[in-house]
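J.: I'd like to ask some things about the structure below.
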Amino acid sequence: MTIPKALSFVVALTLVAGCHQSPRARNVILFIGDAGGIPTLHAASIHGHRQPQALFIQRMPHLALMDTSPADGWVTDSAAGMSAIMTGQKTDNGVISQSADAVRGEVDGRVLQTILEHAEERGLSTGVITNMSITDATPAACYAHANDRRDTGRIFAQLASPRFGDGPDIVVGAGRTRVLEATAALGIDIQAELRKKGYELLDSPGGLRRGQRRVIALTDNPEFDPVTVLEHAIDTLSQNHKGYFLMVEWDMHTNELERGLNRSLTMDSLVRRAASRASRDTLIVFTADHSFDIRVRGGKRDEPLVQDALPTSDGGDGAQAAKPGQRYVRMDNGHTGEQVLAAAQGPGAERVRGFIQNTDLFLIIMGAYGWN
Ligand SMILES: [Zn+2]
């Protein structure tokens, strides 16, 4: 073989390899089930469908087991957990998208740029939806930087002073009264500041309408209809030809067992809805910021999973499970450190596999956009 022929063979191989590179994601929707670990998904499936593995999330094509540990320990809170996913760097519990040399409540760490801020910087549209307070750790880690998650007023005020781009385009969340009071206590007229930045302000997600370019809807009622909000966000954000990044958090804490499992089923229906509504060039990821101490310890196929404990006189194990709904499910109200599920579909989803770190999810999403 002459040298030119060998070279052309190499070139041809390279071209073939190039053709098989997976297409990029134009959009990413990141679903965070807060405290929605594998035990919660398992219980929710049995609670809602009377069988295991019946959730949409449990049928997504690409799965990984994700470590959620923070920089300073083994069990994370939402602040360090979400900061790791959003910035690719582990930090300490209580810290919002700042480096681990932050001292909680005292000294700021380095600002760590979030996926949402990378998207903003590149001209994509962005959104944050949550049924928790809009300044709670998970949504805050998308748009704010703080050395203490409890710094409610300063966290919310950062919506009006984004470090990258012009801030999220659609913001929907709870905690309205508390958030507005906290910013007012700092002497900030946050509603005036946000209007100056072009935001339309709503006191309920029910006021979302087509054509609102930048909108913040805050409510005091966390039980709003998330499917309508999700559909509205997808329709609005997808008008940007450059693409979008949307984070949707739904609370899956099961400290109130039946409510938590019902909310987990709501989250599952949201992921299913996004998969049918979003365009094919959308990477859809579901994961949890951390797991939660809930276990299915018994139950029968023809009985509801959530039942009150048996009276202790019947010889059952009710004495140890006297909490509401905990005959077959035990819940010890706390976060746990075992791996959570990361499930994905769409461009870039094939990298969601094996045992990964929460920080790897940042790299996977950035890579899916082509922003290595
Ligand atoms: Zn959490």
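J.: Being among the polar types (S, T, N, Q) and part of a loop (DSSP other than H, G, I, E, B) is the filter here, so list the residues in region 228-252 that pass it. Reasoning before the result, please.
T.: Within region 228-252, the subset among the polar types (S, T, N, Q) is 228, 236, 238-240.
Across region 228-252, the qualifying residues are SER238, GLN239, ASN240.
J.: Might you let me know whether region 266-283 holds any residue that is under 26 Å from the mean Cα position of the chain (by Cα), within 16 Å of the ligand (Cβ to nearest atom) and in contact (Cβ under 8 Å) with a residue 24 or more places away in the chain? Reasoning before the result, please.
T.: Quick first cut of region 266-283, residues under 26 Å from the mean Cα position of the chain (by Cα) only: 266-283.
From what is left, the residues that are within 16 Å of the ligand (Cβ to nearest atom) are 267.
After this cut, where a residue has to be in contact (Cβ under 8 Å) with a residue 24 or more places away in the chain as well, the list is 267.
Yes: one or more hits.
J.: Please pick out the residue among ALA80, ALA84, ALA102 that is among the hydrophobic types (A, V, I, L, M, F, W, C) and without any contact (Cβ under 8 Å) to a residue 24 or more places away in the chain.
T.: Details: ALA84 fails: without any contact (Cβ under 8 Å) to a residue 24 or more places away in the chain; ALA102 fails: without any contact (Cβ under 8 Å) to a residue 24 or more places away in the chain.
Unique residue meeting the criteria: ALA80.
J.: Further question on the same structure: Please state which one of GLY123, GLY127 is surrounded by fewer than 24 Cβ atoms within 10 Å (Cβ to Cβ), away from the ligand (no atom under 14 Å from the Cβ) and either part of a strand (DSSP E or B) or touching a residue at least 60 places away in the same chain (Cβ under 8 Å) (or both). Full working, then the answer.
T.: Details: GLY127 fails: surrounded by fewer than 24 Cβ atoms within 10 Å (Cβ to Cβ).
Of GLY123, GLY127, the one residue that is surrounded by fewer than 24 Cβ atoms within 10 Å (Cβ to Cβ), away from the ligand (no atom under 14 Å from the Cβ) and either part of a strand (DSSP E or B) or touching a residue at least 60 places away in the same chain (Cβ under 8 Å) (or both) is GLY123.
J.: Please state which one of LEU363, LEU305, LEU341 is at pLDDT 85 or above, of a type in the set (A, V, I, L, M, F, W, C) and in contact with a Ser or Thr (Cβ under 8 Å, 6 or more places away or on another chain).
T.: On the way: LEU363 fails: in contact with a Ser or Thr (Cβ under 8 Å, 6 or more places away or on another chain); LEU305 fails: in contact with a Ser or Thr (Cβ under 8 Å, 6 or more places away or on another chain).
Result: LEU341 is the single residue among LEU363, LEU305, LEU341 that is at pLDDT 85 or above, of a type in the set (A, V, I, L, M, F, W, C) and in contact with a Ser or Thr (Cβ under 8 Å, 6 or more places away or on another chain).
J.: Another one. Just a yes or no: is a residue in region 44-52 out of contact with any Gly (no Cβ under 7 Å at 6 or more places or on another chain), over 24 Å from ALA343 (Cα atoms) and of a type in the set (D, E, K, R)?
T.: no
J.: Within the bounds of region 87-100, is there any residue that is at pLDDT 95 or above, touching a His at 6+ places or on another chain (Cβ under 8 Å), crowded, with 19+ Cβ neighbours inside 10 Å and in a helix (DSSP H, G or I)? Give the derivation first.
T.: Kept after step one, since they are at pLDDT 95 or above, are these residues of region 87-100: 87-100.
Still in the running and touching a His at 6+ places or on another chain (Cβ under 8 Å): 96-98.
From what's left, crowded, with 19+ Cβ neighbours inside 10 Å: 96-98.
Pick out the ones that are also in a helix (DSSP H, G or I) and you get none.
Among the residues of region 87-100, not one is at pLDDT 95 or above, touching a His at 6+ places or on another chain (Cβ under 8 Å), crowded, with 19+ Cβ neighbours inside 10 Å and in a helix (DSSP H, G or I), which makes the answer no.
J.: Quick one: count up the residues across region 235-256 that are over 21 Å from GLY175 (Cβ atoms), buried (at least 21 other Cβ atoms within 10 Å of the Cβ) and in contact with a helix residue (DSSP H, G or I) (Cβ under 9 Å, 6 or more places away or on another chain). Full working, then the answer.
T.: So in region 235-256, the residues over 21 Å from GLY175 (Cβ atoms) come out as 235-245.
Restricting the remaining residues to those that are buried (at least 21 other Cβ atoms within 10 Å of the Cβ) gives 236-237, 243-245.
If we keep only those that are in contact with a helix residue (DSSP H, G or I) (Cβ under 9 Å, 6 or more places away or on another chain) too, we end up with 243-245.
Final tally of qualifying residues: 3.
The values are calculated or read from the model by the stated rules, or taken from the named source; none is laboratory data. Predicted, not measured: the structure shown is a model, and the values here were computed from it. Reconstructed Cβ throughout: ideal geometry from the backbone, glycine too, with neighbour counts over all protein chains shown.
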